[in-house]
Amino acid sequence: MSRQFQKNSQVETISNDLRPISLTPNLSKIAEDFVVHVHVKPAVLEQIGKDQYGRIPHSSTSHALINMIHQWTKATDGTGASVRVFVLDHKKAFDLIDHNILINKLSMYKINPFVVNWICDFLSNRHQRVKLTKDCFSEWKPSQQEYLKVQS
């Protein structure tokens, strides 16, 4: 079952103003944590560039800010040039990730195909609904489309 996450200050319709949040059982969270730390994280860390700072061990937003300021200063130092900055808030971005793109990217990394298929199964056939009050729910809807299995 899912809880609501209010997008707007006033709720007029459940489907337009609220978005579902998946609630994962505790045993699944433990399995997910194990798979991520043992299989996925090492493979992804091999692929990440030196200018990536999010979710990287021994890295922080301070490192990212120092690097940004350094790059800006280097680009404008004595040239009279200016720097334009476009900032995005990725706070809700994970809810919008297309799972097929995620699976395709994981398939390109050095991750055991059995693990990638396990992730496919974990993400497949999931349904969500919004709980507004104790007795008020939206209809169950599939969270995303089905996935192709990775060849083992």
Can you find a residue that is out of contact with any His (no Cβ under 9 Å at 6 or more places or on another chain), in a helix (DSSP H, G or I) and among the aromatic types (Phe, Trp, Tyr) anywhere in the range 57-72? yes
What number goes with the only condition from (1) under 23 Å from SER107 (Cα atoms); (2) open to solvent by less than 90 Å² (accessible area, probe 1.4 Å); (3) of a type outside the set (Val, Ile, Thr); (4) without any contact (Cβ under 8 Å) to a residue 60 or more places away in the chain that GLY80 does not pass? (1)
Out of curiosity, is LYS134 free of Cβ contacts under 8 Å to residues at least 24 places away in the same chain and open to solvent by 30 Å² or more (accessible area, probe 1.4 Å)? yes
For the range 47-69, pairs from a residue that is closer than 27 Å to ILE111 by Cβ to a residue that is in a helix (DSSP H, G or I) and not hydrophobic (A, V, I, L, M, F, W, C), with Cβ under 8 Å and 6 or more apart or across chains, are ASP51/ASN67; TYR53/THR61; TYR53/HIS63; TYR53/ASN67
Identify, from the list SER143, SER82, SER124, the residue that is modelled with pLDDT under 80 and hydroxyl-bearing (Ser, Thr, Tyr). SER143
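The values are calculated or read from the model by the stated rules, or taken from the named source; none is laboratory data. Worth saying up front: this structure is predicted, and the values here are computed from it rather than measured. Methodologically, a virtual Cβ is constructed for each residue, glycine included, from the backbone with ideal geometry; neighbour enumeration extends over all protein chains shown. The accessibility values were calculated without ligands, DNA or RNA, using every heavy atom of the protein model including side chains. Shrake-Rupley method; radii C 1.70, N 1.55, O 1.52, S 1.80 Å.
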